[in-house]
Amino acid sequence: MDQHEAIASLYRRNLSNPQVEKNFLTADCPFCRAKGFDPQGRFVVFLKREGFFHGYFRCLNRCVPGGFPLWFAKLSGIDPAQVPGFDPDREPLLKKTDYPVTNLNQEIRSFQGSMTSALLAHFHEAGIEEELLAEQAVGFNGRYLVYPYVQEDGNCYAARCVFPGRKADFFWHGDETTFAGKSRIFNVQDIGYCENGSLFLCEGEDNLLALKQLGYPGVAVPDHQNLENIDPQQFAFIKTLFLVTTNSGESDISMRKVASRIGYKVRPFKWPVGLAKEYTLWQLAKDKGKNFRSAVSALIKSSRAFSPFATPAREHDRFFEQLSMEAGTSYAALRSGFPLLDQALDGIHGINIIGGAPKSGKSMFMIQMATEMALRKIPVLYYDFENGRQKIYQRTLSRLSRLSTEAIRQHEFGEMEEERYEQACSRFKEMLTFFRVINDRQVTPEIMRRHIDFIRHETNCEYTVVVIDSLHKLPFKDFSERRTGIDAWLRHLESIRDELHVSFLVISELSRGNGDSYGETPHLGVFKGSGDIEYSADNAMVLFPDWDPLRSVAEQQRKNKLWLVASREHSPGLVADYELDYPFWGVVEREHR
């Protein structure tokens, strides 16, 4: 027998004349006679299997407060071990409360008898009947409505007095220690009646009354500021907590704060678009009249758990949106411009870390990749801590024009060279819309996110490439924190990659091997200063020099081998050879022989 059927069986065994019709069980109320009510009172149990209130009972005479099976067992003298869902090892919430010696019980009863016909008509506008006002002991002191804040021991020590129609005009009456902070919960006893079940938490007593009239269990706080004083432990044994606030930005902020503290069990009501600011359940009850119940049912159905996760529907849509994006031209265009490298990596995606010895040409290699992508209208952010903006631009113009940087500076070239130069300048100017160099040595992950948002908006592109030259020169608070700082930056890059569709090209330094050299066979361990590269990098590569750095560049063929040493999706191995295109600050890809 599953738990839903076990709960229904519990009620059938312990009630007289039970009858089940659709989603309800009705029977003779077992408590009315003892409480002095009409002994023919009807007892109703909600048994909708998929509903949040399965197992909730109420007497239509309101002879006892409604609640869930454990409360029914307590009222009926049934051993709680017989109740489905009872946990014998559950530790009760022990609250050490020193209640005042005197209470307001007698005074509250006298206020109940002072309710005027005009006030009763006011409540009737929202469908609230006298029987409910009597159950909640709402009264009138001749000027103010009196809402008694009865405590867990069943006594009232403080009440909130509100001028009818002017909710801002109120004061507290009674013992000040019981209307401070966490004690400001109206109808607090319902929390205990709803163990293992569902409950409403409302902003405003009148909004709760509107729900109680429909038969729902709930508690209320006076206003949204009091939501922030809620102790989450008070709702530890509640399975689902519906949170109902007024339709305002201030209330929404308070709701989110308390929901984040209480956790996943909270399901906030979401007001439909177009309702007036400060719209409430009370107003909804007045507007909907007999249709108020169906309106509340719709709000319950549309509520979503306050969760750190996207809804299954949103997760589904996001997955297929990403698949569609990856099938598009923007994703396919994320290529380095080097055919053999693109073949090895299937384009530039994820976090790509390239290590190399000092002066091995890492920056030159990266500048060429970045600017070629920008020329194909892919937005590129180049975080440079090595060369300077002017040097990057000069070398790019040299490569595009096939003129040396010295010739460009002196503007010394013939007619054909002049034509190449003019064409290169035109391409360079167009490129700058998609290529931004940042030299800010105080950059943070937050600033980087803003840069990415800007260039995406400016270029109207879905994807962005971010180049970091180099990882070890990113800003850290303290040089002694370099290792932890690098690892922290890698965590941020992972987050930015996933959230903003960013591909990274990151230059890393290498550790010196045996003999204080950089000649060690490429592997993951050669990266300097971070053990997290092997976990963060989608592709880890090493640019391995095959030339003598002590000899003149002009005297030898300056060539590097690029090794893919680790990859999440591709086979490691030698990618290609890359020769210096001297003196034009470029590299040429060659198949290794």
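The values are calculated or read from the model by the stated rules, or taken from the named source; none is laboratory data. Here the structure is a predicted model, which is why all the values come from computation and not from measurement. So basically every Cβ, Gly included, is an ideal-geometry build from the backbone, and we count neighbours across all protein chains shown.
Consider Arg58 carefully, then state whether it is under 17 Å from Glu131 (Cα atoms) and modelled with pLDDT of 95 or more.
Values: under 17 Å from Glu131 (Cα atoms): yes; modelled with pLDDT of 95 or more: yes.
Yes, satisfied.
Selection of the stretch 96-137 for residues being among the aliphatic types (A, V, I, L, M) and under 20 Å from Cys59 (Cα atoms) yields Ile128, Leu132, Leu133, Ala134, Ala137. Of all residues in the stretch 545-575, those being touching a strand residue (DSSP E or B) at 6+ places or on another chain (Cβ under 9 Å), within 21 Å of Ser511 (Cβ to Cβ) and at pLDDT below 85 number 3.
Just need a number here: residues in the stretch 406-429 that are surrounded by 13 or more Cβ atoms within 10 Å (Cβ to Cβ) and not hydroxyl-bearing (Ser, Thr, Tyr).
Residues of the stretch 406-429 that are surrounded by 13 or more Cβ atoms within 10 Å (Cβ to Cβ), as a first pass: 407-408, 413, 417-418, 420-421, 424-425, 427-428.
Checking which are not hydroxyl-bearing (Ser, Thr, Tyr) leaves us with 407-408, 413, 417-418, 420, 424-425, 427-428.
Within the stretch 406-429, residues that are surrounded by 13 or more Cβ atoms within 10 Å (Cβ to Cβ) and not hydroxyl-bearing (Ser, Thr, Tyr) number 10.
Give the residue that is farthest from the chain's Cα centre (by Cα), with candidates limited to residues of the stretch 411-436 that are assigned to a loop (DSSP other than H, G, I, E, B) and among the aromatic types (Phe, Trp, Tyr).
Initial filter on the stretch 411-436 (assigned to a loop (DSSP other than H, G, I, E, B)): 411-414, 432-434.
With among the aromatic types (Phe, Trp, Tyr) added as a condition, the list becomes 413, 434.
Numbers: Phe413: 59, Phe434: 31 Å.
For the stretch 411-436, the residue satisfying everything is Phe413.
Contact map, the stretch 412-425: residues that are in the same structural domain as Gln394 (by TED's automatic domain parsing) and more than 14 Å from Thr396 (Cα to Cα) paired with residues that are assigned to a helix (DSSP H, G or I) and among the small types (Gly, Ala, Ser), Cβ distance under 7 Å, separation 6+ or inter-chain. Pairs shown: Phe413/Ala407. I'd like the full set of residues that are more than 17 Å from Lys377 (Cβ to Cβ) and in contact (Cβ under 8 Å) with a residue 60 or more places away in the chain, limited to the stretch 311-345. Hits for the stretch 311-345 are Phe338, Pro339, Leu340, Leu341, Ala344, Leu345. Among the residues examined, Glu386 qualifies as assigned to a loop (DSSP other than H, G, I, E, B) and not hydroxyl-bearing (Ser, Thr, Tyr). Taken together, Tyr147, Tyr99 contain a single residue that is of a type in the set (Ser, Thr, Tyr), on the phi < 0 side of the Ramachandran plot and modelled with pLDDT of 95 or more, which is Tyr147. The stretch 1-118 holds helices (runs of 4 or more DSSP H) entirely within its bounds, and those carrying 2 or more residues that are of a type in the set (Phe, Trp, Tyr) and surrounded by 14 or more Cβ atoms within 10 Å (Cβ to Cβ) map to 69-76. Of the residues Tyr535, Tyr578, which single one is assigned to a helix (DSSP H, G or I), over 12 Å from Gly355 (Cα atoms), modelled with pLDDT of 75 or more and of a type outside the set (D, E, K, R)? The conditions single out Tyr535. Residues satisfying the criterion are present in the stretch 127-146 (criterion: out of contact with any strand residue (DSSP E or B) (no Cβ under 8 Å at 6 or more places or on another chain), assigned by TED's automatic domain parsing to the domain that holds Phe235, crowded, with 16+ Cβ neighbours inside 10 Å and β-branched (Val, Ile, Thr)). Filter the stretch 437-476 down to residues that are surrounded by 14 or more Cβ atoms within 10 Å (Cβ to Cβ), touching a residue at least 60 places away in the same chain (Cβ under 8 Å) and part of a helix (DSSP H, G or I) and give me whichever is farthest from the chain's Cα centre (by Cα). So the residue we want is Lys473. Taking the criterion of being small (Gly, Ala, Ser), loosely packed, with under 15 Cβ neighbours inside 10 Å and more than 25 Å from the chain's Cα centre (by Cα), the residues of the stretch 275-311 that qualify are Ala276, Gly289, Ser294, Ser297. Looking at the stretch 153-239, the strands (runs of 3 or more DSSP E) lying wholly inside it that each contain 2 or more residues that are in the same structural domain as Gly289 (by TED's automatic domain parsing) and over 30 Å from Asp87 (Cα atoms) sit at 156-163, 166-174.
Of all helices (runs of 4 or more DSSP H) completely enclosed by the stretch 313-381, which ones contain at least 3 residues that are within 35 Å of the chain's Cα centre (by Cα)?
Working: elements: 329-332, 339-345, 362-375.
In the stretch 313-381, the matching helices (runs of 4 or more DSSP H) lie at 329-332, 362-375.
The rows are residues; the columns are (1) in contact (Cβ under 8 Å) with a residue 12 or more places away in the chain; (2) surrounded by fewer than 22 Cβ atoms within 10 Å (Cβ to Cβ); (3) on the phi > 0 side of the Ramachandran plot.
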site: Gly347; (1), (2), (3): yes, yes, yes
site: Lys359; (1), (2), (3): yes, yes, yes
site: Met366; (1), (2), (3): yes, no, no
site: Met369; (1), (2), (3): yes, no, no
site: Leu375; (1), (2), (3): yes, yes, no
site: Ile378; (1), (2), (3): yes, no, no
site: Asn387; (1), (2), (3): yes, yes, no
site: Gln390; (1), (2), (3): no, yes, no
site: Tyr393; (1), (2), (3): yes, yes, no
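Are any of the residues in the stretch 428-435 among the polar types (S, T, N, Q) and more than 24 Å from Ser363 (Cα to Cα)?
Scanning the stretch 428-435 turns up no residue that is among the polar types (S, T, N, Q) and more than 24 Å from Ser363 (Cα to Cα).
Considering the conditions (1) closer than 24 Å to Glu534 by Cβ; (2) in contact with a Ser or Thr (Cβ under 8 Å, 6 or more places away or on another chain), Pro379 is excluded by exactly one of them, (1).
For (1) at pLDDT 95 or above; (2) farther than 29 Å from Gly197 by Cα, each residue gets a yes or a no:
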site: Gly66; (1), (2): yes, no
site: Pro84; (1), (2): no, no
site: Leu94; (1), (2): no, no
site: Gln112; (1), (2): no, yes
site: Ile128; (1), (2): yes, no
